[in-house]
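**Student:** Structure in C-alpha cells, see below.
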Amino acid sequence: MSDVRKLAILAKEAAAELSVLDTAAKNNALEEISCQLLADINTILQANEKDLENGKKAGLNPSLLDRLALTSTRIENMVEGIKQVIDLEDPVGQVVEQWQRPNGLEVAKVRVPMGVVGMVYEARPNVTVDTCALCLKAGSAVLLRGGSSALNSNRALVNSIKKGLAKSAISEDAVQFVDSDDRSAVDEMLRLNGLLDLVIPRGGAGLIRRVIETATVPVIETGVGNCHVYVDVEADPKMALDIILNAKCQRYGVCNAAESLLVHQGIAEVWLPKAIQELTSRGVEIRGCSKIIEMVPEVNKADESDWSTEFLAPVLAIKVVKDLQDALDHIQKYSTGHSECIVTNNQGTAVEFLRRVDAAAVYHNASTRFTDGFEYGFGAEIGISTQKLHARGPMGLRELTSYKYVVRGTGQIRS
C-alpha cells in the first residue's frame, strides 16, 4: 500500500470521529492550534527561510517569492484568521429548510461535513493553516499536498497544527500531509475514490487544469483570475485611479488582482495618460491597444494573448472601449469568471453591468482585491471557486459542508 493511500485511510478514520464532535470541542482544538503556531513562530520562520533561499536559487520571480514568504505578521494574521473561524457559527447540523408532507412525514435538509477534503496547492504556506482551520471547524479531515517550493514551511506548519491537536479532542490523524515533492503523489491523490470526498486545487492555471483533467474524485475548480476594471465615461476620475492602483498594485501575485483595464473612449484621453503615469511609476508594464499607443507612444503594444493572460506580475493590459456594451463583450470573451469591476457614478449603468457580467464576484466602485473570505467576513477561506456547482466565490465554512435529508415519520409506508 502506498504512503499516500495510508495517509488517506487515517484521515478517513479520523473524519468519522470528527464529524460528531460538538462545536466547543472543535473550537478548543482551533484555539490550541493558534497557541501552538505562535509558540513555534521562530521554527516556522526558519523553515520558511530555507524555502526562500531555495526559491531564489531556482529563479522564482518576485511575485512567487512574495506568496511563499512568511513573516511574524503574516503568521499572526493566520492566527487571527483561525480566531475568526472560531467565532463563526458552526454550520454542521444546521437545518437549511424543513417541511411536512401531506402523509405526515417531516423532512429536513441538514448540513453535514464533507468527510475528507484533499487540498493540492502551490507556493502558499498560508493555505495550509486556512485549510485546516476551515475543514476542522466544518467537521472534515484534510489531506494536504503543497508545492515543493514550500515543503519546509508546510512541514513546520503541519507539525505545529498536529501538536495543537494533540492537546484537544480531535485526533492528529484529522490533518495529513504528503511530505514529498514527488509529482506522482498528486496523481494518486486525485484517484482516491472512496477515501477523498472532494479535491480542491489552488494555484496557477496549469495546476488547476492538471487536477481537472486527471481527477476521478469530485473537484471544485478555483481561482484563475483574469480580472477586469472598467472605467465608465461617468466615473469619478480620482476614484477610478485609486481603484485601479489598488486592484493592480497592492499585490501582484494574487488571483483577485486586476489584469486588464477597460476605459470608455469618452474619458480615455483625459484620464488615461495620468493613470498610465501613476502605474508606470510603480513599476507596472503597460500593454495597450492601438488607441493607447496613439495617446502614450512609449507603451508596449498588446497582442491577442495579453487579453486572456493572468499575469500575476506588474503587467497590465489596457484597452479603450466604445461603450458599456463593448466592455461587456470584451469581458465575456476573456474573463475567467473570477472578479469584475465597474467604476461609474451612473447607477443605471452600474446595475446593467452587475446584472449582465457572469462572474463569481462583481463590483461597483470597489477594488477586485476584496474577493477574499477574510474581507467578506468568512474568516479564512479555502479558495475562490470560479465554477457554478455547489460553491461559487470565496469558500468559507458553509461551502465546506454537504447536506443530507433527515426524515421523521410515525410508521408511514409507501403505497
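**Student:** Taking the criterion of being more than 19 Å from the chain's Cα centre (by Cα), closer than 28 Å to Leu400 by Cβ and not hydrophobic (A, V, I, L, M, F, W, C), would at least one residue in the range 214-226 satisfy it?
**Tutor:** Yes.
**Student:** Same structure, new question: Scan the range 15-25 and tell me whether some residue there is touching a Lys or Arg at 6+ places or on another chain (Cβ under 6 Å), assigned to a helix (DSSP H, G or I) and in the same structural domain as Asn77 (by TED's automatic domain parsing).
**Tutor:** no
**Student:** Further question: Any residue at all in the range 69-83 that is under 17 Å from Gly139 (Cβ atoms) and in a helix (DSSP H, G or I)?
**Tutor:** Taking every residue of the range 69-83 in turn, at least one turns out to be under 17 Å from Gly139 (Cβ atoms) and in a helix (DSSP H, G or I).
**Student:** Being surrounded by 11 or more Cβ atoms within 10 Å (Cβ to Cβ) and in a strand (DSSP E or B) is the filter here; which residues of the range 400-414 pass it? Step through it out loud before you land on a result.
**Tutor:** From the range 400-414, those surrounded by 11 or more Cβ atoms within 10 Å (Cβ to Cβ) are 400-403, 406-409, 412; that's our starting set.
Answer for the range 400-414, where residues must be surrounded by 11 or more Cβ atoms within 10 Å (Cβ to Cβ) and in a strand (DSSP E or B): Thr401, Ser402, Tyr403, Val406, Val407, Arg408.
**Student:** Could you list all residues from the range 348-396 that are in a loop (DSSP other than H, G, I, E, B), touching a strand residue (DSSP E or B) at 6+ places or on another chain (Cβ under 8 Å), hydrophobic (A, V, I, L, M, F, W, C) and under 18 Å from Arg251 (Cα atoms)?
**Tutor:** Result: Ala366, single match.
**Student:** Please go through the range 280-301 and give me each residue that is in a helix (DSSP H, G or I) and surrounded by fewer than 22 Cβ atoms within 10 Å (Cβ to Cβ), ordered by number.
**Tutor:** Keep residues of the range 280-301 that are in a helix (DSSP H, G or I), which gives 280-281, 290-295.
Matches in the range 280-301: Thr280, Ser281, Ser290, Lys291, Ile293, Glu294, Met295.
**Student:** Which members of the range 193-220 meet the condition of being outside any strand (DSSP E or B) and touching a strand residue (DSSP E or B) at 6+ places or on another chain (Cβ under 7 Å)?
**Tutor:** Once the filter is applied, which keeps residues that are outside any strand (DSSP E or B) and touching a strand residue (DSSP E or B) at 6+ places or on another chain (Cβ under 7 Å), the range 193-220 yields Leu195, Asp197, Gly203, Leu207, Ile208, Val211, Ile212, Ala215, Thr216, Val217, Pro218, Ile220.
**Student:** Something else about it: Name every residue in the range 223-239 that is surrounded by fewer than 23 Cβ atoms within 10 Å (Cβ to Cβ) and in contact with a Phe, Trp or Tyr (Cβ under 9 Å, 6 or more places away or on another chain), in order of residue number.
**Tutor:** Pro237
**Student:** Turning to a different aspect of this structure: Can you list the strands (runs of 3 or more DSSP E) found entirely within the range 90-151 that contain at least 2 residues being surrounded by 23 or more Cβ atoms within 10 Å (Cβ to Cβ)?
**Tutor:** Passing ranges, in order: 116-121, 141-145.
**Student:** Anything in the range 11-48 that is surrounded by fewer than 19 Cβ atoms within 10 Å (Cβ to Cβ) and farther than 23 Å from Gly81 by Cα? List them, or say none.
**Tutor:** Glu13, Ala16, Glu17, Val20, listed by residue number.
**Student:** Tally the residues that are surrounded by fewer than 18 Cβ atoms within 10 Å (Cβ to Cβ) and in contact (Cβ under 8 Å) with a residue 12 or more places away in the chain, restricting the search to the range 49-61.
**Tutor:** 4
The values are calculated or read from the model by the stated rules, or taken from the named source; none is laboratory data. In this text, all values refer to a predicted model and were calculated from it rather than measured experimentally. Every residue, glycine as well, gets a Cβ built from its backbone with ideal geometry; the counts of neighbours run over all protein chains shown.
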